[in-house]
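Undergrad: For reference, the structure I am asking about is given below.
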Amino acid sequence: MWLSEANKTEERVTSMANIILAIESSCDDTSAAICADGKILSNVIASQAIHEAYGGVVPELASRAHMQNLLPTVNAALKKAETELGKPLSFTDLNAVAFTQSPGLIGSLMVGCSYAKSLALTLNIPLIGVHHMQAHVLANLLSDPAPEFPFLCLTVSGGHTQIVLCHSPLNMEILGETIDDAAGEAFDKTAKLIGLPYPGGPLIDKYAQSGTPKFALAEPQIPELNFSFSGFKTSVMYFLQKQNKENPNFIGENLNDICASIQHHIINILMKKLVKAVKQTCIKNVCLAGGVSANSGLRNAFKAAGEKHRFNTFIPEFQYCTDNAGMIAITAYHQFLAEKFENLSVSPSARAEWGK
Ligand code: KG4
Ligand code: ZN
């Protein structure tokens, strides 16, 4: 639906106060969402299959795919929101446009940022830059019931592993994080070692469901609430090398048990620190976030820990776990209420200080 057509629309959506279009393009998923008064009306995600052939995300290909996917994704999000509302909805009904400003692949971020800036300029509406990791945390506000503040959140994605204390929508602090690889990377890199294609996390999850975690692997001892996964990956590599020497068919014959063992140890590392954070802070509302929160073993271990240690558990719906614009939209909604806007000279940042 283009601007000229929009002007012809007679019935406008004037009763809605805050209609925000949000764009997520930080890595290899192009996503657009429409949020009205904090309610997500649509959340459309176009994944980029092209990277599978390369065993990981190729930044240049990701930027190009975002350029191809962005307009159709935004149009699909508007159409879906229109159906959800049961009223015509067009660009001129938007009250703000939001985009992922940081962190992420710089070329990918630039596509979403440039698009959002041009739309904000054309429509003369506020521009909202969102921090991707804060958005992963706030994806939990889309759950019903949503967690009450303050809450703790274990964010586990392909690029980050953090324990966050969330005081209010726009006030959060990192209590601990990985000092090297992220949990998602640990899944993907160990999956690669056993010959699984990228992204290996969901495949390890799948095979682990038919396996037993019978292989002991090294777990790092890291102080405080921080994590480390790089040594774990190396220990899996040495373990496989040793076993393959004795039996060249070791991986093929033990795939399910190897996956179950890798998954069991990654979950153990994560859950030990999360329970420690709950004990230290005495906070009773605890959330998961990020792509790895789609892992069935982690979800079960998280719920079991909640029952054992008496804390309330919250996990976003699957569509809000992996990268999505719905989480950008809900974060932008709170920034809109706080009038936290960007000017048109804003640029994206591959790395950004928390809260910047
Ligand atoms: O949050 P996300 O979509 O993107 C980043 O911001 O990084 O997370 C992607 C990560 C990948 O490492 C992927 O392997 C992992 O989430 N992942 C999983 C599962 N689904 C996605 N890891 C384990 N089990 C899953 N079911
Ligand atoms: Zn993410």
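The values are calculated or read from the model by the stated rules, or taken from the named source; none is laboratory data. Being a predicted model, the structure only gives us computed values, none of them experimental. Cβ placement follows ideal geometry from the backbone for every residue including glycine, while neighbour counts extend to all protein chains displayed.
Undergrad: Could you pull out the residue among I174, I204 that is closer than 26 Å to Q241 by Cα and either in contact with a Leu (Cβ under 9 Å, 6 or more places away or on another chain) or not in a strand (DSSP E or B) (or both)?
TA: Working: I174 fails: closer than 26 Å to Q241 by Cα.
One residue alone meets the criteria, I204.
Undergrad: Test G104 against the criterion of being within 17 Å of the chain's Cα centre (by Cα), crowded, with 20+ Cβ neighbours inside 10 Å and without any contact (Cβ under 8 Å) to a residue 40 or more places away in the chain, and give yes or no.
TA: Details: within 17 Å of the chain's Cα centre (by Cα): yes; crowded, with 20+ Cβ neighbours inside 10 Å: yes; without any contact (Cβ under 8 Å) to a residue 40 or more places away in the chain: no.
So G104 fails the test.
Undergrad: Give me the residue from the stretch 298-318 that is within 18 Å of the chain's Cα centre (by Cα) and assigned to a helix (DSSP H, G or I) and, out of that set, modelled with the lowest pLDDT.
TA: Taking the candidates together, the pick is F318.
Undergrad: Also, I was wondering about something else. Pairs under 6 Å by beta carbon, first residue closer than 25 Å to S143 by Cα in the stretch 261-285, partner acidic (D, E), six or more apart or different chains?
TA: Sorted first by the residue in the stretch 261-285, then by its partner, the pairs are N285/E148.
Undergrad: Please verify whether the stretch 322-329 includes one or more residues that are in contact (Cβ under 8 Å) with a residue 12 or more places away in the chain, within 16 Å of ligand 2 (Cβ to nearest atom), under 23 Å from L170 (Cβ atoms) and acidic (D, E). Write out each step before concluding.
TA: To start, the set of residues in the stretch 322-329 that are in contact (Cβ under 8 Å) with a residue 12 or more places away in the chain comprises 322-329.
Going one step further and asking which of them are within 16 Å of ligand 2 (Cβ to nearest atom), we end up with 322-329.
Filter once more, so that each one left must be under 23 Å from L170 (Cβ atoms): 323-329.
The next check asks that each one be acidic (D, E); those that pass are 323.
Yes: one or more hits.
Undergrad: For P220, which of the numbered conditions (1) surrounded by fewer than 19 Cβ atoms within 10 Å (Cβ to Cβ); (2) at pLDDT 95 or above; (3) in contact with a Gly (Cβ under 6 Å, 6 or more places away or on another chain) fails to hold?
TA: (2)
Undergrad: May I ask you to say which residue of N171, N244 is under 30 Å from I330 (Cβ atoms), without any contact (Cβ under 8 Å) to a residue 40 or more places away in the chain, loosely packed, with under 15 Cβ neighbours inside 10 Å and more than 16 Å from ligand 2 (Cβ to nearest atom)? Outline the logic, then answer.
TA: Numbers: N244 fails: under 30 Å from I330 (Cβ atoms).
Among N171, N244, only N171 is under 30 Å from I330 (Cβ atoms), without any contact (Cβ under 8 Å) to a residue 40 or more places away in the chain, loosely packed, with under 15 Cβ neighbours inside 10 Å and more than 16 Å from ligand 2 (Cβ to nearest atom).
Undergrad: Tell me which residues, restricted to the stretch 176-234, are polar (S, T, N, Q), within 26 Å of C153 (Cα to Cα) and free of Cβ contacts under 8 Å to residues at least 12 places away in the same chain.
TA: Matches in the stretch 176-234: Q221 only.
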